[in-house]
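Here is the structure we will look at.
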Amino acid sequence: MKLACKKAIHRRPAAVLTPGGRQAHGFTLIELMIVIAIIAVLAALAYANYTDRVVNSRRAAATTCMMEHAQFLERAYTTNMSYLGPAIPGFGCVGDLAQFYTFSVPTRTATTFTVQAVPAVRSNGTPDVRR
């Protein structure tokens, strides 16, 4: 019994020669431009997503700070039976968010109150809110 073994012949593609007669290596300009365009699109999407997440986290922190103000006023109400009594102390959360929000209690009567956080205006004139 005789086994025939054939070798596969692999041919290399024809080499591209430069004007100097050397073989060309590397990428073409269009290939590099396509890669750069893909990277730019991905970076734009990532930046937009990042800024939305930052605004969402600041908004959550502002909501927490407003809840802290409301809880203080509720504790004061249980002590004095009125929301008018004590002045609202400075909370630590206000200092952390001072450059992004302005916190206030615009309306406060003996039986009701309103806590509000207004987005601060950035240096370019737009408020720090979601688009």
ask   = (1) within 30 Å of Thr111 (Cβ to Cβ); (2) modelled with pLDDT under 80; (3) among the aliphatic types (A, V, I, L, M): which one isn't true of Val16, the others all being true?
value = (1)
Number of positions in region 106-123 that are surrounded by 16 or more Cβ atoms within 10 Å (Cβ to Cβ) and closer than 12 Å to His69 by Cα = 3
remark   = Residues in region 26-35 that are loosely packed, with under 10 Cβ neighbours inside 10 Å and part of a helix (DSSP H, G or I) total 2
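Suppose the filter is within 30 Å of Thr112 (Cα to Cα) and modelled with pLDDT of 80 or more; does Phe72 pass it? If you could, list the steps in order and put the result at the bottom.
Working: within 30 Å of Thr112 (Cα to Cα): yes; modelled with pLDDT of 80 or more: yes.
Criteria met by Phe72.
Out of Asn49, Asn80, which single residue is among the polar types (S, T, N, Q) and modelled with pLDDT under 90? Give the steps one after another, and end with the answer.
Working: Asn49 fails: modelled with pLDDT under 90.
After ruling out the rest, the residue left standing is Asn80.
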request  = Filter region 42-89 for residues that are among the aliphatic types (A, V, I, L, M), in a helix (DSSP H, G or I) and in contact with a helix residue (DSSP H, G or I) (Cβ under 8 Å, 6 or more places away or on another chain) and give the result.
outcome  = Ala61, Ala62
note = Here the residues within region 77-101 that are within 18 Å of Gln116 (Cα to Cα) and buried (at least 16 other Cβ atoms within 10 Å of the Cβ) are Tyr83, Ile88, Cys93, Val94, Leu97, Phe100, Tyr101
query = Can you tell me which residues in region 52-73 are surrounded by 12 or more Cβ atoms within 10 Å (Cβ to Cβ) and among the charged types (D, E, K, R)?
reply = Asp52, Arg58, Arg59, Glu68
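The values are calculated or read from the model by the stated rules, or taken from the named source; none is laboratory data. Note that the structure is a prediction, hence the values are computed from the model and not measured. As a convention, Cβ positions derive from the backbone with ideal geometry for all residues, glycine included, and neighbour counts pool all protein chains shown.
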